[in-house]
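Each remark here refers to the structure printed beneath this line.
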Amino acid sequence: MSTKNEHNKTNVIIQNSFRAPMASLECLDESTMSSDSPITTRPPSRQPSVHWATGMRYRNLGKSGLRISCIGLGTWVHFGTQISEERAEDILTAAYESGINIFDTADAYGGGKRSSYVIATKLFWTGRSDIEKGMSRKQIIEGLHASLERLQLNYVDILLINKADPMCPMEEVVRACTYCVNQGMALYWGTSRWTAMEIMEAYSVARQFNQIPPIMEQTEYHMFQREKVELCHPELFHKIGVGTMTWSPQAFGLSGKFDEGINLLSRGSIRHYSGTTDKAVMDDNRSPKHQSKIQQLSFIVEKLSCTLNQLFIAWCLKNDCVHCVLVGASTVEQLLDHLHALQVVPRLNTNIVNEVEKILDNKPIRQPLTR
């Protein structure tokens, strides 16, 4: 959004989209779930509850009290030139009615009954000059003020700091985020694309100076990028309660811009996908080695009667450390295809998981300490 009128249009879309009844987000008691539930609980968080229609599960984000759906929607791609306002409204309505209650905005969201959904917004390293770039107290507070004004909201649920600023003391960042929470501009704050060491430093600084620590880290996670989430994040959760929200489950980002080849892949037509490239696909995944692995995964897709896209998302959801997987969609059909991954998760039994691991052959292993 580059003008105030465009932002106002966005808010009208959202307000119209969120006329779905609150009954659509009512959750069944855990006792109604089957005993072979594939996703284990995380003490001391409450057991996950389930959306009555889609099977969407709700979890505490890390060890906080904030309950979010296990699949979230990256909505910022919907409010530019990519798709029409009418289609954006249809996608948001479908997401909300399907039980999604977490929306990652990056400065492009607002409206609706505020208590029924969670808004996360990022602050990026933006600015016209080097002086304006960074994550100082000035940039964080002024950036959040500007974001709230654009969104026409009084507060956001989660303020995300995208990448740590090596030129700014960690204490300043933590104090600025604590100020935003204490002033009611945000309810929680978290990180995006921070290292485990940076997150631990922020937590230590917060505890040392009686400030508020981050509750989550948002990071990339998929079959071909596993080390950070699988080796570092379980320790972050158990030691300091940091939750994990991931993006790019299909290894080609949240853009929602699928060309013909990607659409074929999403429908499971992996044979037609061979030789088709798309700029959104990570360069590493174009290698013959990765394409061979994707070809082998197609046999598991056929066995599970799902699409490759659904297998990718279900595989991420299977990880106990992942509290929420963000997806993007440029059509309602794509969104519903993503959500069907919820039905695939129970089919990922030990044998299937072992088959996937054998194909990927990239399970990260913590190296022993050397003396």
Return the residues of the range 228-264 that are at pLDDT 95 or above, under 28 Å from Gln295 (Cβ atoms) and open to solvent by 10 Å² or more (accessible area, probe 1.4 Å); say none if nothing qualifies.
Lys228, Glu230, Leu231
Only helices (runs of 4 or more DSSP H) wholly contained in the range 289-359 count here; list those with 3 or more residues that are open to solvent by less than 10 Å² (accessible area, probe 1.4 Å) and at pLDDT 95 or above.
308-318
Positions within the range 136-161 being open to solvent by 10 Å² or more (accessible area, probe 1.4 Å), modelled with pLDDT under 95 and either among the hydrophobic types (A, V, I, L, M, F, W, C) or part of a strand (DSSP E or B) (or both), in sequence order:
Ala146, Leu148, Leu153
Is at least one residue of the range 281-288 at pLDDT 80 or above and either closer than 27 Å to Thr191 by Cβ or in contact with a strand residue (DSSP E or B) (Cβ under 8 Å, 6 or more places away or on another chain) (or both)?
no
Within the set of pairs 6+ apart or on separate chains, which have a first residue in the range 86-102 that is farther than 17 Å from His340 by Cα, a second that is small (Gly, Ala, Ser), and C-beta atoms under 6 Å apart?
Glu89/Ser17; Ile102/Ser69; Ile102/Gly72
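The values are calculated or read from the model by the stated rules, or taken from the named source; none is laboratory data. From a predicted model like this one, the values you see are computed outputs, not experimental measurements. All Cβ positions, even for glycine, are placed from backbone atoms using ideal geometry, and neighbour counts span all protein chains on display. Accessible surface is based on the protein model in full, side chains and every heavy atom, while ligands, DNA and RNA are left aside. Shrake-Rupley method; radii C 1.70, N 1.55, O 1.52, S 1.80 Å.
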